[in-house]
Structure formats: C-alpha cells, structure tokens
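Chemist: Once you've had a glance at the structure underneath, I'll fire off some questions.
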Amino acid sequence: MTSVAARASLSWEMPAYPDADYGPKLLFRAIVSNIVGEIHNGILVEPRSTRVAFVQNNALISNAGKDRLMFSHLWRNISSYWRTKQFKNPENKISVFGNYQKMRGSMSKIITADQSSVRLAKNSVGLAHIVFFVVAAAAPLTAVVGASPAAFAFGNGAGVPGAFVLSGLLYLVFSVGFTAMSRYVGGAGAFYTYIAQGIGKPAGVGGALMALVTYSAVQIAIYALFGVFISGTLAPLGVSLPWWAYAFAAIVIVHFCGQRNIAFSGAILGVCMIAEIAILLLLDIGILLAGGGPEGIGAASFAPSTVFAPGLGVALVFVIGSFIGFEATAIFGEEAENPEKTIPRATYVAVLLITLFYAFSTWAIVQFYGPAKVQETAANGLETFYFVAADAVLGSWSSQVMNIFLITSLFACVLSFHNTLNRYFFALGREGLAHKALGKVHGKHGSPHVAGLLQSVIATVVLALFVFGGADPYTVVFSWMSALAVIGILAVQVLVSIAVILFFRKRATVHSVWTTTIAPGLSLFGLLGALALVTANLSLLSGSESLIVKAFPYFIVGIGLLGAAFAMRVKKISPDVYASLGKAFE
C-alpha cells in the first residue's frame, strides 16, 4: 500500500455532474490509481468527492445488484487498463481482487455515510404518501367545518359547493403546466426552483422567501387554533391550561415527527386524514339516506344562477384558502418513487380528491338545511353549523367525535406544513443561500433535521411573541396569519404560472401549446383575479380592520423584492454560488 500522500498525488478531480454510468467507473479508477484500497474502519478511503459521485448514482443498488454491478465494472475497467498499459502491475491486480469482498461489504456504509450529507432519502414515499401529505395539509375537516360556514354566510349561500368546483377547476388547469415542468425541474426547492429556472434567479429567491413567509404563517395559525381546540375540549374534563401550553407542546411533537423518515410522517398523516374524512362522509351519507331536509335533495347548488349569484367573490376568498398546500407535491420529488410519474399523478389526485370532497360535503349540508335557508342558518351560527347537523343526523356522539377529529386534522395539517417548510430551508442551505448546515440530512432517517430544528425554533419564537403581546389566539393569531398565508400563496402561484410559460418558451419540448402556454395563461388570469378578490375582501377574511392587516399585500411584495435584492448581492459577492442557483436539484 502506498502512503496517503502518494495516493493523494495520484487522485484526480471529479467532473461536476457525472453521467449515470460514470459513478462506478469513477470509483474504480480512484481505487486503482490509488493502489485500490485501503479500508479504514470499514469505510473505503478515497477522496470524498469520489464516494459522493458513486452514492449519487448508485444509492439504491440491491445486494444482488451490487455484486453484478461491481464485478462488471471491475472487469471492464481492468480490461481497459490492461489494453492501455495502465494496469500492468500484478500487485495492483491482486490488490483489486483481494479487496473486492471488503469493498462489497462496505458499500452500504459508504452509502449511509455520504448520502446523509448530500441527498434526502430517495424512494421514501410513494403516490399514497404524497397524497396524504397534500390532503392533510388542506385539512379537510377544518376547511369544511371551519371555513365553509363563513363562505355560506357571507358569500353566495347555496352556491358554495359550485365555488369549490370552480376553484378545483382553476387548480387543475394550474396543475397542467406545473406538473409538465416538474419533469424537468425537481428536488426539495419546489416553487423556488420553478421560479428560478423560469423567470430568473432573483425572482426565484424572492419567491422562496414569499413561500417561507406563507407556510410559516399557516403553521403559526394552525398551532394557535390547535391550542384553542385542545383547551376547549379538555376544560370540561377538569384540565385547565392556557391555549399556548398546548400549542408549544404541539411544536415539540411535530418537531419529533419531522426528524424521522418522511414515510413516518406520511403514515401518521394517512391515519389522521382517513379519520377526519370518515366522520364527514358519515354525516354526508346520513343526510342523503334521510332524504335531505325540508327541500329534499337537488342539484341547485351547481346551477350557474346559484353559483354566480352575488357574493361569489367573497365565497372564493374562503374557498381558495382551503386549497393551500396542494402544490406541496413537487417538494417531495427528490424523495418520491419514480418522481417523473409520481409527482404529476399525486398532484392531480390530490386536487381531485380535495375538490370532490369539499364540493360533496358542502352540497350535503345544503341539502340538510335547504338552499333557501342555508345562508341564514350559517350566519346565525358559524361555530355550530355542522355540529347541529351531526347531532340531528348521527346523534350527540358524532359532534364529540368530530371535535376530536378536528384536533387530529389540525395536527396533521401542521405536520404537513412542517415538512414542507423543512424542505424549503433545506433547499436554501444546499444552494448556498443560507448556512450550509441547513443542507444536511439525518444519517439514519434521511430527513432535513437541521432545517427542521431551525424551523421549529422560528415557530416557537413567533408564537411566543404573540403570547407575550397578549394576542387573542383566534381573532388575531389564527385570523391574521391565515389572511397573510392566502395572499402569499396566491402571489407565489402567480409567479409559478409566469415561470412555466417562460420556461417552455426557452426550451424545445414535446408538450402541446395547451400544456406550455394556454393552460398556464388561464391559471395566471384566474389566480390574479383570486388575488384581487382576496385583497379587496381582506378585512372580511381576517375579521379585522387593522392597518397591519391591510398592509399584508405590500408586505408580501416587499418580501419578494427583498429576496430579489439579496440574490443580486449574492451575484456580486459570490458569482459561483449565484451561477448554481436553481440547479442544485437537477
């Protein structure tokens, strides 16, 4: 064996992006050129970049495949070296084959050691897991029981189910270009990567900061609402703690779950989602089996005259907010099985499920109260709108169960957004826009654990500021943060629609003009209209006339401009980092 210094002198620099077949060759050449081999503490000792290149290309080789792949490439490269007179030393051949078994046995350790600092855990989630994340983020029970009564009361009344269908159609059209671009742009950066490669790097960084603010606002809002519901549920049992105690406890539990492999969170979200959907479906089916209410069963809620009645714009303010989170499918592209197919399918499945469930559940409640009375009834009892129906149709037990499932729905929602935020912070860390430690992943679970820790600390600090300021958890924390989130997500989605159009204008593609231009253009028009409606009805959405709330649209724009300015500064002081922005996930 040669010395470390001698081996170092023989090493050569790895190209930035080796092709799929290059990793094994690169590993072998480094081994041969370094006299193959010293194995130290069970880990191959050669340049770290070599191990990284091999891991990135071959992290999922099966045990049987390892033998075939390694032997094939060893033999092919030995033959090549022999022919080119670069491998004539018998000692080298003995070293290669003598260390082959050790090298094979240590491959899993190489993969574990290096993958933990380079990539999120691949093939961790399938179609079902991603759909669970997205639907759980939408919090079906919370959206239906919490948001739709306000849409009924202040919006277009019996036409709310039709408003959900309209919003669903808008996001299906948005998904056409969004999923088409996902085949070219992947990774945990999601909207950031889309905007960076479509519009430009400054816009991408601005969009990333807007997304961070948006999802952070959602998370803070849900933590507050979770604390309120838990406090109200346990108070009759003699457990009297302030709402914030439960909110901070939720942060700890969510943080623990987020540190685990993504599939762990996916399993939890799946159980919570099924439970909350089940109780609402029981109510919906019970209403239908009972023949509806005083006006029977009909389809008036989907008639154009009902849907487009006065108040549709106000209803859309609440309805569109219920879809926040569906776009998170792209964030899990790096961890998904067969992401080229899984991400588009998950997006369409999630949007369809959310739309159908919301439309069906709100239509069923219209049947219970009757189209002529539903708006008045909702206005007279926003909080009890669904619980009264559940008690009448299923019995008093159902409203108690619904209360419990509301809590699990909120927990599932905040866990989903926690994982979403983690991956945005992770993206910024790996791209060099934030501290590089954020770009590390857990050695065992393959999760962005450092990014998760930062995100949990931020949530704790912001929530603590609200608590010390004496803010009401519902009328201020939840309502204000929800309004900010709706504005933020619409603004980011507008940028994504523009990015899709510009991206495909610069690239030859097999996609049709419908996919690359018409659908993104229609979604851009619809999202701009929705953003205008939300801005015009911000006081209604937030329940406040505060100047702070009215400044939210300007705040979101300011955040975007701040991000763009930061990107330009990076370009000036660190051209190499700037040049790689938006490409770390390709």
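The values are calculated or read from the model by the stated rules, or taken from the named source; none is laboratory data. Since we're looking at a predicted model, the values are computed, not measured. Because the Cβ atoms are built from the backbone with ideal geometry, glycine has one as well, and the counts that use them run over all protein chains shown. All accessible areas refer to the heavy atoms of the entire protein, side chains included, with ligands and DNA or RNA removed. Shrake-Rupley method; radii C 1.70, N 1.55, O 1.52, S 1.80 Å.
For every residue, the table says whether it meets (1) among the polar types (S, T, N, Q); (2) touching a strand residue (DSSP E or B) at 6+ places or on another chain (Cβ under 8 Å); (3) more than 25 Å from residue 383 (Cα to Cα).
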{"site": "164", "(1), (2), (3)": "no, no, no"}
{"site": "173", "(1), (2), (3)": "no, no, yes"}
{"site": "180", "(1), (2), (3)": "no, no, yes"}
{"site": "208", "(1), (2), (3)": "no, no, yes"}
{"site": "215", "(1), (2), (3)": "no, no, yes"}
{"site": "219", "(1), (2), (3)": "yes, no, no"}
{"site": "223", "(1), (2), (3)": "no, no, no"}
{"site": "226", "(1), (2), (3)": "no, no, no"}
{"site": "230", "(1), (2), (3)": "no, no, no"}
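Chemist: Please enumerate the residues belonging to segment 474-490 that are touching a Gly at 6+ places or on another chain (Cβ under 8 Å), open to solvent by less than 20 Å² (accessible area, probe 1.4 Å) and not β-branched (Val, Ile, Thr). Full working, then the answer.
Modeler: Taking segment 474-490 as the starting set, the residues that turn out to be touching a Gly at 6+ places or on another chain (Cβ under 8 Å) are 475, 479, 482, 485-486.
Now drop any that are not open to solvent by less than 20 Å² (accessible area, probe 1.4 Å), which leaves 479, 485-486.
Passing the criteria: 479, 485.
Chemist: Which is under 23 Å from the mean Cα position of the chain (by Cα) and farther than 23 Å from residue 323 by Cβ, of 581, 528, 547? Before you say what the answer is, go through the steps one by one.
Modeler: Details: 528 fails: farther than 23 Å from residue 323 by Cβ; 547 fails: under 23 Å from the mean Cα position of the chain (by Cα).
Only one candidate passes the filter, namely 581.
Chemist: In addition: Has segment 158-165 got at least one residue that is β-branched (Val, Ile, Thr), over 19 Å from the mean Cα position of the chain (by Cα) and open to solvent by 10 Å² or more (accessible area, probe 1.4 Å)?
Modeler: The answer is yes; a qualifying residue exists.
Chemist: Let me ask another. Residue 214 passes all but one of (1) modelled with pLDDT of 80 or more; (2) surrounded by fewer than 22 Cβ atoms within 10 Å (Cβ to Cβ); (3) touching a Gly at 6+ places or on another chain (Cβ under 8 Å); which number fails?
Modeler: Of everything listed in (1) modelled with pLDDT of 80 or more; (2) surrounded by fewer than 22 Cβ atoms within 10 Å (Cβ to Cβ); (3) touching a Gly at 6+ places or on another chain (Cβ under 8 Å), residue 214 misses just condition (2).
Chemist: Where residues in segment 447-469 are crowded, with 20+ Cβ neighbours inside 10 Å and outside any helix (DSSP H, G or I), which of them is modelled with the lowest pLDDT?
Modeler: 447
Chemist: If we keep just the residues of segment 529-546 that are loosely packed, with under 15 Cβ neighbours inside 10 Å and hydrophobic (A, V, I, L, M, F, W, C), which is nearest to residue 491 (Cα to Cα)?
Modeler: Step by step, filter segment 529-546, then rank; the result is 532.
Chemist: Taking segment 547-565, which residues are aliphatic (A, V, I, L, M), more than 21 Å from residue 208 (Cα to Cα) and open to solvent by 30 Å² or more (accessible area, probe 1.4 Å)?
Modeler: If the condition is that a residue be aliphatic (A, V, I, L, M), more than 21 Å from residue 208 (Cα to Cα) and open to solvent by 30 Å² or more (accessible area, probe 1.4 Å), then 547, 548 are the ones that fit.
Chemist: Does segment 383-397 contain any residue that is modelled with pLDDT of 90 or more, of a type in the set (Val, Ile, Thr) and either crowded, with 24+ Cβ neighbours inside 10 Å or under 24 Å from residue 475 (Cβ atoms) (or both)?
Modeler: yes
Chemist: Kindly indicate the residue of segment 504-528 that is among the aliphatic types (A, V, I, L, M) and open to solvent by less than 70 Å² (accessible area, probe 1.4 Å) and also farthest from residue 147 (Cα to Cα) among those meeting that condition. Break it down stepwise before answering.
Modeler: First pass over segment 504-528, keeping only residues among the aliphatic types (A, V, I, L, M): 508, 510, 513, 518-519, 522, 524, 527-528.
Now narrow it down to the ones that are open to solvent by less than 70 Å² (accessible area, probe 1.4 Å): 519, 524, 527.
Numbers: 519: 28, 524: 25, 527: 20 Å.
Across segment 504-528, the extreme among qualifying residues is 519.
Chemist: Can you confirm whether residue 199 is closer than 30 Å to residue 502 by Cβ and at pLDDT 85 or above?
Modeler: For residue 199, the condition - closer than 30 Å to residue 502 by Cβ and at pLDDT 85 or above - is met.
Chemist: Do we have residue 226 as under 19 Å from the mean Cα position of the chain (by Cα), modelled with pLDDT under 90 and aromatic (Phe, Trp, Tyr) here?
Modeler: It is false that residue 226 is under 19 Å from the mean Cα position of the chain (by Cα), modelled with pLDDT under 90 and aromatic (Phe, Trp, Tyr).
Chemist: Condition check: crowded, with 22+ Cβ neighbours inside 10 Å, at pLDDT 75 or above and under 21 Å from residue 277 (Cβ atoms). Does residue 409 satisfy that?
Modeler: yes
Chemist: Return the total of residues in segment 226-251 being over 14 Å from residue 473 (Cα atoms) and touching a residue at least 40 places away in the same chain (Cβ under 8 Å).
Modeler: The total comes to 3.
Chemist: As an exercise: evaluate residue 375 against (1) open to solvent by 10 Å² or more (accessible area, probe 1.4 Å); (2) at negative phi; (3) modelled with pLDDT under 80 and give the number of the one condition it does not meet.
Modeler: Failed condition: (3).
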